Every structure is written in C-alpha cells, then in structure tokens.
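Have a look at the structure below, then the notes.
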Amino acid sequence: MTWLVTGGAGYIGAHIVQAMRSEGKTVVVLDDLSTGHATRIDGVPLVHGSVLDYQLVEHTLRRHAVTGIVHLAAKKQVDESVRLPLYYYRENVEGLRRLLEAAIATDVEAIVFSSSAAVYGAPTESWVTEDTQCSPINPYGHTKLTGEWMVEAAAAAAGLRYANLRYFNVAGCSSPTLADLGGANIVPMVLRRLDAQQAPMIFGDSYPTQDGTCVRDYVHVADIASAHAAAANALAGGDIKALTANIGTGVGYSVREIVETLRVITGHESDAWAEPIVAPARAGDPPRVVAATDRIRDALGWRARHDVGQMLTSAWEGWVANRGR
Ligand SMILES: NC(=O)c1ccc[n+]([C@@H]2O[C@H](COP(=O)([O-])OP(=O)(O)OC[C@H]3O[C@@H](n4cnc5c(N)ncnc54)[C@H](O)[C@@H]3O)[C@@H](O)[C@H]2O)c1
C-alpha cells in the first residue's frame, strides 16, 4: 500500500513520514512548501504543488498507485484565520474537497484527516470526549469541523475508510532537523523570548484553574506520529472503517507550569528578567482543554509515550540547532 502524505514537509507531517517509513511503508509527499521545508524529508519522493491543483493530485495518486492518504496540508494559525477567513476556507476546505474528489476518482481506500481540538471551541468539561459538543469559535476551527464532516460524508458515499484525528497541543521534536520553526504555538513563542533574553508572556492569570493560567493537554509530536502510523495500519487492514478520535495525553499542564519548566530547561530559572509578564487574557481562550483518550486507546491500542519534560527538552534542543534559520 502506498501512502500519500499531503503537507508531509511540515512540522507534524515530517514526523509522520518518518514514523511510517520506519515501519517500512511506501510514502510519497505532496507539499506546496508554503510553510514546509524539503530538507525535513530527504530521500522521500516529493511532489511540489498544492492540493488545490486537482490535475496534479489526481496524476500523483495514479502515478504512485496510492491507496491511502494522510492529509495534513492546511493553514493553522487561529489569528490569521480570523483576519483571512476565506483564505482558510479555500486552503483547508476547498483543498480537502478536491483531494477527496481525486481520491474517489482513483479508488483510494483510506484517508487519515488532520483535525484539531479547535473543533470543540471552549469546552466546559474537565476532560473533552469525542461526544463533547463541537462549537468552534474561529474560522480555523470551522474549517477543521467542516473537513471532518466532508470526510465522513464522502467516505460513507464512496466506501472509503477514514480516521479524523483531533490533535491537542503539539510540541517537541524527534530530532532537531524536524523542529517546529513556525513559532505560533506557546512552546516556540516562549523559547523565542527566553533565547532573546526577554520575559515570556502569560495571557491571563485569573482563570478558574490551579494557578490561574490556562490548562492545556500537550502531546509530543512523536506520539502524534505514532498515532497516525497506528491509524494507517488499522485502516489498511480493515480493522477500523470509521474513527473520530482525540490525540492527547489526558494530562493538563498550566501555561505557568510550561513557562517555569522552560525557564529551567533553558537555564534561566533564577534570572529576574525571565520572570513571566502577565498580559490581559485573550478573547476566546478557554480555561482548560484536556483530552479524554479512551477512544483512541480502545480503537488503536495507542497511548502517548513521552512526558512533558522530554517534549520541552526536545523543543529546546531543536530551537538551539535551528537558531537564525
Ligand atoms: N501544530 C499543532 O499544534 C496542530 C494542532 C492541531 C492540528 N494541526 C494540524 O496539523 C496539520 C499540520 O500542522 P503543522 O503544525 O505540521 O503545520 P505546518 O505549517 O508545519 O505544516 C503544514 C504543511 O502543509 C503544507 N501546505 C499548506 N497548504 C498547502 C496546500 N494548499 N497544498 C499543499 N501543501 C500545503 C505546508 O507547506 C506545510 O508543509 C495541519 O492540518 C494543522 O491544522 C496542527
């Protein structure tokens, strides 16, 4: 079975490509390199182009006799999605629609779709299950929920097997060459400031949580990758036909805990300038978003293997190795 990984030159995609290849799977990447880097996937066939290019996608699927797709190609910045909603709908929704059309036209059997905890919006449950109501609060979250619906409906109509995987907060790297260079998430944001000898920012410290700062479920990107490899195996073998599942650890850490751990890892725990600055809370930041992980454990036998210390240390090592890039 040959797998097409769209967005495979991106931060998460490159980890998935590595995990699938290490299991002996044949992988082809399609990526427009808008935020990805070809150097992350040395030695892997790379088709340079957009999922919006139907002819290219269909040709790629036929040429490589692709029977499974892992679809990551998308835009992912919440604030940008608020400013440029139609761009997000084009890239994330129309891109997936065309991909699904090409997949069905070429008899692809299975698809793994990269969804997000953003589909839940601002949940009130202590642990978010897949049955928690989906009420996304920004265009990015809307595009991911719409994507899930499209995958589900198209799969039912065409007999495709699918897994919609909702990632919680992804961080870390399995090697510095695969590090997250985007910097839009909390871990790279804090590392950037500490490395420039600037105080890290915390947005809001009067939430109803143990230390007043937001609590999130941080999952190592290598664990995200192993979940995709497990989903690909289960779909290929026909063990699962339809799955929507969270990928998280089930454990929440506050923003202050993450910042303090990063201060220790970077050697700035006793520097007065590295005391976090508390800025006003951002609109739409829910107090606590932590995954219930029973469904993915039961369906795929998967659980996260890395702890938060390993995740943050690897993120720092990746940051140092890529300074100035
Ligand atoms: N990083 C996170 O915390 C997180 C959390 C939940 C979900 N996700 C989802 O995971 C996926 C990957 O995220 P990432 O963090 O690796 O981001 P990334 O920006 O590093 O990767 C996205 C990849 O897709 C490519 N791409 C973008 N638009 C494309 C298009 N139209 N055609 C072809 N290629 C295109 C980019 O060049 C890049 O290589 C995205 O779908 C994102 O929404 C990420």
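Taken together, the values in this text are just the output of simple stated rules run on the coordinates, not laboratory data. Bear in mind the structure is a predicted one, so any value in this text is a computation, not a measurement. Don't worry about glycine lacking a Cβ; one is built from the backbone with ideal geometry, like all the others, and counts go over all protein chains shown.
Quick rundown of the values:
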read-out	value
FRET efficiency, 1/(1 + (r/R0)^6) with R0 56 Å, evaluated for Glu125 and Thr2 via beta carbons	0.90
Residue exposure sequence - Ser22, Ser254 - by fewest surrounding Cβ within 10 Å	Ser22, Ser254
Residue-averaged 222 nm ellipticity for the chain, from DSSP H runs of 4+ at -39500 (n - 2.57), nearest 500	-11500 deg cm²/dmol
Estimated FRET transfer efficiency when R0 is 35 angstrom, pair Asp107-Val82 (beta carbons, to 0.05)	0.35
Fully extended contour minus Cα-Cα distance, from Ala153 to Ser135, at 0.36 nm per residue	4.6 nm
Solvent-free Debye scattering, log10 I(q)/I(0), computed from the Cα coordinates of the range 211-325 at q = 0.13 Å⁻¹	-0.66
For the range 1-133, the spread of Cα positions along each principal axis, largest first, Å	46, 32, 31
Placed amide H near Tyr162: partners under 5 Å, 5+ positions off or other chain	Ile111, Ala242, Leu243
Per-selection Rg to Rh, the range 55-96 - Cα, Kirkwood hydrodynamic radius	1.13
Translational diffusion coefficient (Stokes-Einstein; Kirkwood radius from C-alpha pairs) of the range 112-256 at 10 °C, 1.306 mPa s, in µm²/s	94
Charge dipole magnitude, Cβ of K and R +1, D and E -1 - the chain, Cα centre, debye nearest 20	480
Charged-residue dipole, Cβ positions (Lys, Arg, Asp, Glu), the range 1-123 about Cα centre, Debye nearest 20	100
Magnitude of the charge dipole, the range 162-316, Cβ model with Lys/Arg +1 and Asp/Glu -1, debye to 20	460
Choice from Ser116, Ser135, Ser314 with maximal GNM fluctuation in the chain (Cα, 10 Å cutoff)	Ser135
Residue among Ser226, Val264, Thr249 farthest towards the positive dipole end of the chain, charges placed on Cβ	Ser226
Compactness relative to 2.2 N^0.38 Å, alpha carbon Rg of the chain	0.97
Cα centroid separation - the range 46-63 against the range 152-219, whole Å	29
Ranked by how many other beta carbons lie within 10 Å on average, peptides 9-16, 278-285, 218-225 from highest	9-16, 218-225, 278-285
Degrees separating the helix 139-158 axis from the principal Cα axis of the chain, which is the longest one	30
J(HN,Hα) series, the range 178-189, from Karplus relation 6.51 cos²θ - 1.76 cosθ + 1.60, nearest Hz, glycine and proline x	9, 5, 7, 9, x, x, 8, 9, 4, 5, x, 5
Residues Arg263, Arg63, sorted so that the one with the fewest Cβ neighbours within 10 Å comes first	Arg63, Arg263
